[in-house]
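Asks: Shown below is the structure under consideration.
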Amino acid sequence: MAEYIERKVALAAIRERCAPCGEGIEALKASPAADVAPVVRCKDCKWFGASGLCGGWCNEVMARPMPYDGFCSYGERRDGNQ
């Protein structure tokens, strides 16, 4: 599930709020969309084992201590969801 706003939804909201003046809408349409990817935080990763208040241990990939809010490009959700 995406936690960021989709471009078409953002443009619709801006159009609604800026309808009286219409200023800046064309510039926003021409701007590039954000290049985003979902991130799996250590606390949600299947390789992470919690071991205290400050974090835990990455058991498979990083093989080192990691904070709960840490992440890496190898993270995989425990529940299998993206």
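Asks: What pairs come up if the first residue lies in the stretch 1-16 and is at pLDDT below 75 and open to solvent by 60 Å² or more (accessible area, probe 1.4 Å), the second is assigned to a helix (DSSP H, G or I) and among the aromatic types (Phe, Trp, Tyr), and their beta carbons are under 6 Å apart, counting only those six or more places apart or on different chains?
Replies: none
Asks: Could you tell me which residue of the stretch 37-82 is surrounded by the most Cβ atoms within 10 Å (Cβ to Cβ), considering only residues that are small (Gly, Ala, Ser) and part of a loop (DSSP other than H, G, I, E, B)?
Replies: Only one residue fits best here, namely 75.
Asks: Let me confirm something: among 74, 68, which residue is hydroxyl-bearing (Ser, Thr, Tyr) and modelled with pLDDT under 90?
Replies: On inspection, the qualifying residue turns out to be 74.
The values are calculated or read from the model by the stated rules, or taken from the named source; none is laboratory data. Keep in mind that this is a model prediction, so the values were computed, not measured. All Cβ positions, even for glycine, are placed from backbone atoms using ideal geometry, and neighbour counts span all protein chains on display. Please note that ligands, DNA and RNA were not included when accessible areas were found on the heavy atoms of the full protein model with its side chains. Shrake-Rupley method; radii C 1.70, N 1.55, O 1.52, S 1.80 Å.
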